Number of protein chains: 2
Amino acid sequence: MTRQIQVQLGERSYAVSVGAGLLAELGPAVAALSAARQAVVVSDSNVAALYGARAADSLRRAGLGTELLTFPAGEANKTLATCSNLYDSLFALRPAMDRRTVLVALGGGVTGDITGFVAATALRGLRFVQCPTTLLAAVDASVGGKTGVDHPAGKNLIGAFHQPSAVLVDVDLLKTLSPAEFAGGLAECVKHAVIGGSGLGSTGFQPVQAQALPLNRQYQPPPAQVENLCHQSLMDFLETRREAVLARDPECLTELIARNVAIKAAVVSADERESGQREHLNFGHTIGHATENLVGYGAISHGQAVSLGMVAACRLAVARGLLDAASAGRVEKLLVALGLPVRWPGLSAAALWEIMRHDKKARGGKVRMVLPVRLGEVASFEDITEQAVAGAVDCLRVQE
Amino acid sequence: MTRQIQVQLGERSYAVSVGAGLLAELGPAVAALSAARQAVVVSDSNVAALYGARAADSLRRAGLGTELLTFPAGEANKTLATCSNLYDSLFALRPAMDRRTVLVALGGGVTGDITGFVAATALRGLRFVQCPTTLLAAVDASVGGKTGVDHPAGKNLIGAFHQPSAVLVDVDLLKTLSPAEFAGGLAECVKHAVIGGSGLGSTGFQPVQAQALPLNRQYQPPPAQVENLCHQSLMDFLETRREAVLARDPECLTELIARNVAIKAAVVSADERESGQREHLNFGHTIGHATENLVGYGAISHGQAVSLGMVAACRLAVARGLLDAASAGRVEKLLVALGLPVRWPGLSAAALWEIMRHDKKARGGKVRMVLPVRLGEVASFEDITEQAVAGAVDCLRVQE
């Protein structure tokens, strides 16, 4: 079963395809882009060793000139210096490399962000295709067009909005993820469950119709069980299908990722450049980013930090009288069940606050936060005080 | 007299204001942008010394937090490394520096291109205002949203389309230009005359209406002489007003720049991202860029190279039977009268051809050129042969 979700952005619209074995469809998908003749796969040293050859094979069999560029793995290499090296390698391919060249980001969020930024800025804009190989990238970074690299002063400070031309999620590639990497993606799934409800409705979420797609796959009606699940909220889905999710059952992962992408696509379609509703995707990320920064990249994963950020945001919402305590408890329980932390002794609220004031999204030093008003609905608040944050962070430090 | 031209690009539309003494209006113009609280002026070491303090004064008097960042002057510094330094300085200003911060490019084309690119990529996009201090930047680079930096493999290979929020051309600043720098701008004026006729009509070219403008200037009806000139073609204008242009008469410069901006604005409005008509702005630039590359940046100016490129393109058009020889002669005569070269002994056609095949705009090694079909109209051709280029370049080498 392959699922396809349309990200509706006018002339920048694109399809996200999710299913097992889709890496083999990469070549046909790129070849279907207008005037595409050359593909350049960008991947980190780890992922290139695992999947680089298969990606390149698919592209070559589709008749595309194909090159594979690699960079050293790790968030520490998400820098302008890495981009500079990629520009060197890319421009060394000219004149075959020109404005019709398509970049392929094969990897996790770091690879997608770097490749997207190079695509946004090489020859003033190349097309690119996202092939996420982590759950986190599949449900989050690969959709929405945020690209960029880190700067010593902060994460993602250098970047651009540049939408991919297509996104292909092969759920089979997620089998090689470590449990910690997988859990990192699940944190973003919980985030979507809190902000966006079921991820169905008017978001273009629908089973693949073979005749309408560049990916030439046979249409198969979804099994009855999946049909029923469509009427569940994503929260219910995560709770009831937890075991199949953690076992990385391909059908279950396809359904999970498609639901998450549908929620993210709806938000992005409504607000491409983050002037309004897109801010909702920051739920859990204000305190989460600050925690990641304070504890230290490497010492805590992004997913773990977001998990803590969501717990704190829910507690803060309860303290403000926005959310009932039972819902906050339900979120915490689900996070624990998915292997994510909900406590982190020793966090300093004062240090977190100082970092939050310097966040890229802060305005003139004023801290904004996205808080849940019920499960499936959030809102932005810009009157967040240091005391409120301190109260919420206290909950993270205490073992109950 | 101030002239204002609207660049029509939907929600990315902006006004170009041209007149004497406009640098004093920089502060009010930036303060008029929504939620602007901080301005960061970017300038090279030469221009900062001449005009940096006046720009900063105007911004401060308008109530804006104001910073001035400089980089070493010269096209050799139009690099990713310079951007990297600017990011460092910019992000050191946080948290006051945020997404509402407005960058001001105070300088020539290099400054505009660098500042625009930093604006396009810092925090995924800041607004910026162009204050061109050269004729070349005023009539060309400051309008249209092309930003970027050079790479060892070629000019402007790294960049983005990012439109300014406003353009302010103070013609008084052009007094300090060397004759060679000034002539460089005139080459682009001749280009506009060949591609675009009068620059009037449906382009939004109109005198300033005081009540409708953020720049709070008194409306003055244009003098009768200028009114009459509006019915002339830009070609006629350049021929008949040559002396006043070369004497840099402020009224004449205002009229000249406004006409050029109107032509460029019309082209950019029709084709923002260079998928069609915008290619016309490359008239004279295919052979021109190759000549600049071959002779060596520094040994020939961009304007001189474009002058030679236009002569060669006209000759090529005559050889193809597209253009009459008298029109080609008229273009050459005007270029000479404006102090621009029309001959360059020793140019190698084979070497130029090799460079042209590798041009950023070449497609799969195929050379495209924009050729005049009459004065005021050009078209694109992609069947340009090495022999045709060799024949045209022969004309450049021979002293007639």
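The values are calculated or read from the model by the stated rules, or taken from the named source; none is laboratory data. Worth saying up front: this structure is predicted, and the values here are computed from it rather than measured. So basically every Cβ, Gly included, is an ideal-geometry build from the backbone, and we count neighbours across all protein chains shown. Quick note on the areas: whole protein, heavy atoms, side chains included, nothing else; ligands and nucleic acids left out. Shrake-Rupley method; radii C 1.70, N 1.55, O 1.52, S 1.80 Å.
Below is a table of values for the structure above.
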{"item": "For chain A, share of DSSP beta bridges that run antiparallel, in % to the nearest 5", "result": "40"}
{"item": "Relative contact order of chain B, defined on C-alpha pairs under 8 angstrom at six or more residues apart (%)", "result": "16"}
{"item": "Long-range amide H partners of B:Leu9 with built H, under 5 Å", "result": "B:Tyr14"}
{"item": "Debye, to nearest 20: dipole size of segment B:337-389, +1 on Lys, Arg Cβ, -1 on Asp, Glu Cβ", "result": "140"}
{"item": "Counted charge near A:Leu234, where neighbours are those whose Cβ lies closer than 12 Å (Asp, Glu -1; Lys, Arg +1)", "result": "0"}
{"item": "Pairs beyond 30 Å (Cα-Cα), from B:Lys155/B:Lys191; A:Lys155/B:Lys366; A:Lys78/A:Lys191; A:Lys78/B:Lys155", "result": "A:Lys155/B:Lys366"}
{"item": "Net charge over other residues, Cβ less than 11 angstrom from the Cβ of A:His302 (K, R count +1; D, E count -1)", "result": "-4"}
{"item": "Antiparallel bridge percentage (DSSP; both residues within segment A:1-147; nearest 5)", "result": "20"}
{"item": "Residue mean of other protein chain beta carbons inside 10 Å, B:355-361", "result": "3"}
{"item": "Helix A:386-397 vs. chain A, principal-axis angle (Cα, 0 to 90°, nearest 10)", "result": "80"}
{"item": "Cβ-vector label at 7 Å, A:Ala20, separations to other copies in nm", "result": "7.9"}
{"item": "Largest-first principal axis extents, alpha carbons of chain B, Å", "result": "59, 50, 36"}
{"item": "Bridge type composition, the protein assembly as shown - antiparallel percent by DSSP, nearest 5", "result": "45"}
{"item": "Estimated distance in nm for a label pair at A:Ser89 and B:Tyr297, the labels positioned 7 Å out from Cα along Cα-to-Cβ", "result": "2.5"}
{"item": "Rounded, prolate or oblate (a/c below 1.5 giving rounded, otherwise prolate when a/b exceeds b/c) for segment B:55-127 by Cα gyration tensor", "result": "oblate"}
{"item": "Computed magnitude of the charge dipole of the protein assembly as shown (debye, nearest 20; Cβ of K, R +1, Cβ of D, E -1)", "result": "220"}
{"item": "Normalised contact order of segment A:293-400, rounded percent, pairs of Cα under 8 Å and 6 or more residues apart", "result": "34"}
{"item": "For chain A, with +1 on Lys and Arg beta carbons and -1 on Asp and Glu, the positive-most of A:Thr240, A:Ala53, A:Val41 along the dipole", "result": "A:Val41"}
{"item": "Charge dipole (debye, nearest 20) of chain B; +1 at Cβ of Lys and Arg, -1 at Cβ of Asp and Glu", "result": "660"}
{"item": "Positions from segment B:67-88 whose accessible area shrinks by 40 Å² or more when the full protein complex is built, not the chain alone, probe 1.4 Å", "result": "B:Leu80, B:Tyr87"}
{"item": "Listed residue (B:Leu308, B:Thr134, B:Ala153) projecting farthest to the positive dipole end of chain B, Cβ model", "result": "B:Ala153"}
{"item": "Charge sum, other residues only, whose C-beta stays under 10 Å from B:Asn156's C-beta, Lys/Arg counted +1 and Asp/Glu -1", "result": "+3"}
{"item": "In segment B:255-297, the trypsin sites (Lys or Arg not before Pro) that fall in loop regions by DSSP, at most 15 other Cβ within 10 Å", "result": "B:Arg273"}
{"item": "Full-stretch length increase - A:Lys366, A:Asp394 - with 0.36 nm per residue and alpha-carbon distance subtracted", "result": "7.9 nm"}
{"item": "Ellipticity estimate at 222 nm from DSSP helix runs (n ≥ 4, -39,500 (n - 2.57)) divided over chain A, nearest 500", "result": "-12000 deg cm²/dmol"}
